[in-house]
1. Any residue at all in segment 148-156 that's more than 18 Å from the chain's Cα centre (by Cα), exposed (fewer than 12 other Cβ atoms within 10 Å of the Cβ) and of a type in the set (Gly, Ala, Ser)?
2. May I ask you to say which residue of ARG88, ARG84, ARG59, ARG113 is of a type outside the set (Val, Ile, Thr), without any contact (Cβ under 8 Å) to a residue 24 or more places away in the chain and over 30 Å from ALA158 (Cα atoms)?
3. Applying the selection to segment 8-46, what residues are open to solvent by less than 50 Å² (accessible area, probe 1.4 Å), in contact with a Lys or Arg (Cβ under 9 Å, 6 or more places away or on another chain) and either of a type in the set (Gly, Ala, Ser) or modelled with pLDDT of 95 or more (or both)?
4. Would you mind stating whether GLY121 is surrounded by 12 or more Cβ atoms within 10 Å (Cβ to Cβ), part of a strand (DSSP E or B) and touching a Pro at 6+ places or on another chain (Cβ under 7 Å)?
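The values are calculated or read from the model by the stated rules, or taken from the named source; none is laboratory data. It should be emphasised that the depicted structure is a prediction, and the values quoted were computed from it without experimental measurement. Note that each Cβ is placed from the backbone with ideal geometry, even for glycine, and that neighbours are counted across all protein chains shown. In case anyone asks, the SASA skips ligands and DNA or RNA and just uses the protein heavy atoms, side chains included. Shrake-Rupley method; radii C 1.70, N 1.55, O 1.52, S 1.80 Å.
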Amino acid sequence: MKPTPIVLSSVQLSADEFVAVNFRLWRARTRTRLNHWILGAAIALLSMSLGLKVYQSGRLPQSSSLVFLAVAVGYALLRFGLVRYQLRRGYAKNTAAHQPTDFTLTDTEIRGRSALGQFSGKWSLIRRAVWVRPHWLLLYPTEAACYYLDMRRLQAPATPDAVEQLLATHQIPQQRI
């Protein structure tokens, strides 16, 4: 008996969802976490040093340490804002994400159809899958591009577990973020 295709209808990614999903991906990257840890440690050490100087002398020191601390905190805040800004710009340029897309997942391929056209690809072309909580599954045929599947758009009787099983059947590596 042939398995029933899994259908996700009218999947559309808003700008806010695109930013939220991709910001989570950015924050989960090993390099990003390392940079945040280093920046956080530097800010903490500099703050402790300044706090110790204030405690010992009873007044704020007139040193470049205060300027460095202000720059470090400003950079940390600006960095988050800049990443969100760049993600919004990326969404604006990605016209395919603005169109509702119907996805069909069969035992042999993934198919999509939108106002811009249709596509299909064998499961062997999908390199990896990333589950971004709470609702998104990203399927990567390349490292630079992915299909955004909104699990809230699954048509009954399909479930996220059925999608996960289909990916496992095709030995597609899965990651949860």
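1. Looking through segment 148-156, at least one residue is more than 18 Å from the chain's Cα centre (by Cα), exposed (fewer than 12 other Cβ atoms within 10 Å of the Cβ) and of a type in the set (Gly, Ala, Ser).
2. ARG59
3. Matches in segment 8-46: LEU8, SER9, VAL11, ALA15, PHE18, VAL19, PHE23.
4. Taking the combined requirement at face value, the residue satisfies it.
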